[in-house]
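Beneath this line is the structure, given in structure tokens, with notes to follow.
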Amino acid sequence: MRSHYCGDLRKEHIGEDITLTGWVHRRRDHGGVIFLDLRDREGLTQVVFDPDREESFTLADSCRSEYVVEVKGTVRGRPEGTVNPDMPTGEIEVLGKELVILNKSETPPFQLDEHQQVGEEVRLRHRYIDLRRPEMQEKLRFRSKVTNAIRSYMDEHGFLDIETPILNRATPEGARDYLVPSRVHEGHFFALPQSPQLFKQLLMVAGFDRYYQVAKCFRDEDLRADRQPEFTQIDIETSFMNEEEIMGITEKMIRKLFLELKGIDLGEFPRMPYSEAMQRFGSDKPDLRYPMELVDVADLMAEIEFKVFAGPAKDPKGRVAALKVPGGAQLTRKIIDEYTQFVSIYGAKGLAWIKVNELEKGVEGLQSPIVKFLGAEVAMAIMERLGAENGDIVFFGADKEKIVSEALGALRIKVGEDLEMAQCEWAPLWVVDFPMFEETDNGGLTALHHPFTAPSCTPEELKANPLEALSRAYDMVLNGCELGGGSIRIHNQEMQASVLDILGISDEEADDKFGFLLNALKYGAPPHGGLAFGLDRLIMLMTGTDSIREVIAFPKTQSSACMMTQAPGEVSAAQLRELNIKLRKTP
């Protein structure tokens, strides 16, 4: 029906007779001349209707926002003084000669104006209208460009696009699976995949060597701004490559994406061991844009009488750390109280602080309720270790190591954002040398990544000291956000059996959960590894938005619901009977 998209017209089209289709973005009546701003996915074009063409003028006068129309006319330059430099089509307009109203529209629930503020609930309920907004269309167009660029890069490097099943068995983390009842197999359930992990390893055993997939994944868990119950990941697996080679080829892909699509050179990504990231930044995905670091001061606190600090300082599983905020003495008591409430989210029982007013006066130049409990010698030793200067504030955390690291690590980011302390726009890195296992609350062990991650030691060394063992895992981090994570996988039976034994997974349970993978390892499985990128999270960062819901066409809310379709919904008793399912009502 159309000859051109609205947003494609430029001054080189002046004089051409064209046909446009789209939606009426806005209608204006200027002294008997009707202006329609016509919108399609490529942008806006101004169409002018003069009263000397009575039929088309009358139709144009009847148009309202979101009417779907077809326009035939001639491209002409805008009159002097009316050029709009803010619009790509701002140098031209279309003299409308024929107008057909293809469909009328009721008044939309909100205006598609860039200045209109609309609540997210309303936007999600009418997502098909929200997606008409130019800024939303641009985000999804950009998403398409990214996936196309990734596919092109993967193809150039010999990777094969292979689909893996959606209906699977429940994974070892089965409590978070979405389950699908089977009508044919009474009492049995499929599970939607949390990732294609096992199948992509089997593709390596099958000899496909290099695999990738733009994969839909599902996870039944509490949501945040960067999480969804169904999400998309760029899944990659390859054989006969070590971790350095895998990190190299995927880093080049991300750097190429940013350079070609954003004009941004991220540079080479530095490497940082997990232990260093946790010690210095309190996070396994540190945001290096902010210069502040956590500094351990337990050795200075161990002998003081103040048990709030001395207790954790003497506890082998405790930590006492300080965070110096340059220029932070300006923070009011109200703001400090808000930060105290903030760290309580991470289990911190409080937030001690010292303001550095006049360091040259010694302890008398420090302002804090806790200085008297520290004593002058300890207080000044802490200031020296931190390199504190006048105008700084120092925050303290003292508790179990995990609580202190998470609380001060999160506070570091919040203070950095609040005080606008970022020293650069983009800060990528690789976090490497993760522990193989971490302790659970009941004293057991769990895999820090997943039970198919290869350790960097022998099976004997792994069994002898599992908590000291490091894995061959690696995470790509950008601006404090984990873009992707991966590892070298276990490719022989002996090592896999050792890991499962340490995790307390019996032979029977292992065979029931993923026996097909264990059997495959018997038949010449090659060394292999891979990585999965969160596509939604990547697009969120590249477009500068705060939530992945902004870059997904039809997202769910934080309660895993779809406002538009009202999913999930009830099903009929007949459907449940056919599936041999009976609902139990919660008392």
Yes/no for LYS324 being modelled with pLDDT of 95 or more and under 16 Å from MET292 (Cα atoms): yes
Single residue of the stretch 115-124 satisfying the filter (aliphatic (A, V, I, L, M) and assigned to a helix (DSSP H, G or I)) that is nearest to ILE539 (Cα to Cα): LEU124
Counted residues, the stretch 371-419 - those being surrounded by fewer than 15 Cβ atoms within 10 Å (Cβ to Cβ) and in contact with a Ser or Thr (Cβ under 6 Å, 6 or more places away or on another chain): 0
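Table: residues versus (1) assigned by TED's automatic domain parsing to the domain that holds ASP296; (2) under 18 Å from VAL308 (Cβ atoms); (3) part of a helix (DSSP H, G or I).
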residue	(1), (2), (3)
GLY347	yes, yes, no
GLY362	yes, no, yes
ALA388	yes, no, no
ARG412	yes, no, yes
Qualifying residues in the stretch 81-114 (those that are assigned to a loop (DSSP other than H, G, I, E, B) and more than 41 Å from the chain's Cα centre (by Cα)) - the one surrounded by the fewest Cβ atoms within 10 Å (Cβ to Cβ): GLY81
Complete set of residues in the stretch 292-339 that are among the acidic types (Asp, Glu) and within 31 Å of the chain's Cα centre (by Cα): GLU293, ASP296, ASP337, GLU338
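The values are calculated or read from the model by the stated rules, or taken from the named source; none is laboratory data. Bear in mind that the values here come from a model prediction, so they are computed numbers and not experimental data. For neighbour counting, all protein chains shown are included, and Cβ atoms are generated from backbone atoms with ideal geometry for every residue, glycine included.
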